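The values are calculated or read from the model by the stated rules, or taken from the named source; none is laboratory data. Note that the coordinates shown come from a computational prediction; the quantities given were computed from them, not determined experimentally. For neighbour counting, all protein chains shown are included, and Cβ atoms are generated from backbone atoms with ideal geometry for every residue, glycine included. Areas reflect the complete protein model, heavy atoms only, side chains present, ligands, DNA and RNA absent. Shrake-Rupley method; radii C 1.70, N 1.55, O 1.52, S 1.80 Å.
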Amino acid sequence: MDVKKIKIVGLLLIVVFLAVDVLLFLYLQRHNIGFRPRQDISFSHKTHSGKFGITCLFCHTNAENHSYANYPTTKTCMICHIALRTENKLLKSIIYSYDSMTSILYKRIYKLPEYVRFNHSLHLRSGIDCATCHSFVEQMDSLYLARPLTMGWCVDCHRDPLRYAISPRKISGIFYPEDTTEMWISLKEFEIFQNHKSAKPLNFFLSPKQLKPASIECSICHY
């Protein structure tokens, strides 16, 4: 191959790579993937859940029994931090909120349209882990939008849950049966996470249990 042809091939490859980058950027921008607003308090999920093992349901107590997952109250924070009332500026807003009985306002990251209904408890009771929609939060310092949560994404998951869904994990705090035959996992997500450099070993067990496809009737998700 002469030099001219090499240059043409190289130029075409550059154009293709740039086009892929632009399309990916537009996709992420359109669905707000990576959206990470600055909160009024500095909170690291990586420290609290990843390092100290605090489960999702310890703070988001309503998720297992209600349609919505609540924000943690200051009282929940002070269960631990009552013994850590220091002058550390990272705790000042928490201590002030607790002492003054003033709520901390969180900037919402995950928000579905008003005409969409989503039931957290229904999904958790079906054995679907929090990481399915929120990714592996225990590896994040600050929470960000990790899934598109589009109608197409939800419908695809309903049609083929094993492609997207992740089985209950101990760190989530939802039912974690000792009998590993009751566990299942999306193998694709498992392999991706286990190959991540910063990932810690996870208590996952592959098993013959299968999730059945869910309904995609309009009334299931829309009022």
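Ranking R163, R169 by solvent-accessible area of protein heavy atoms (1.4 Å probe, all protein chains present), from largest to smallest, gives R163, R169.
Ligands, DNA and RNA are left out, and with a 1.4 angstrom probe the accessible area of region 48-171 is 59 Å² per residue. Derived scalar couplings between HN and Hα for region 119-124 equal 10, 4, 5, 4, 6, 5 Hz in order, rounded to whole Hz, by the Karplus curve 6.51 cos²θ - 1.76 cosθ + 1.60 (θ = phi - 60°), x for Gly and Pro.
Which percent of the accessible area of region 94-164 is formed by carbon and sulfur heavy atoms (probe 1.4 angstrom)? Don't skip to the end; give the middle numbers.
On the way: 2360 of 4030 Å².
Answer for region 94-164 is 59 percent, counting heavy atoms of protein chains only.
Between Y68 and S121, the distance separating the two model label sites (each 7 Å from Cα on the Cα→Cβ line) works out to 1.4 nm. Taking amide H atoms as placed 1.01 Å from N in the peptide plane, the amide H of Y110 has no partner under 5 Å among residues 5 or more positions away or on other chains. In vacuo Debye scattering of region 58-112, one point per C-alpha: log10 I(q)/I(0) at q = 0.15, 0.18, 0.20, 0.29 Å⁻¹? The Debye formula, applied to the Cα set alone, gives -0.50, -0.69, -0.80, -1.19. Across region 67-72, coupling constants 3J(HN,Hα) worked out from phi with the 6.51/-1.76/1.60 Karplus curve, θ = phi - 60°, read 6, 10, 9, 6, 6, x Hz, and Gly and Pro carry x.
Shown in residue order for region 159-173 are the 3J(HN,Hα) couplings computed by the Karplus curve 6.51 cos²θ - 1.76 cosθ + 1.60 at θ = phi - 60°: 6, 9, x, 5, 7, 10, 6, 10, 6, x, 10, 4, 5, 6, x Hz (x for Gly and Pro).
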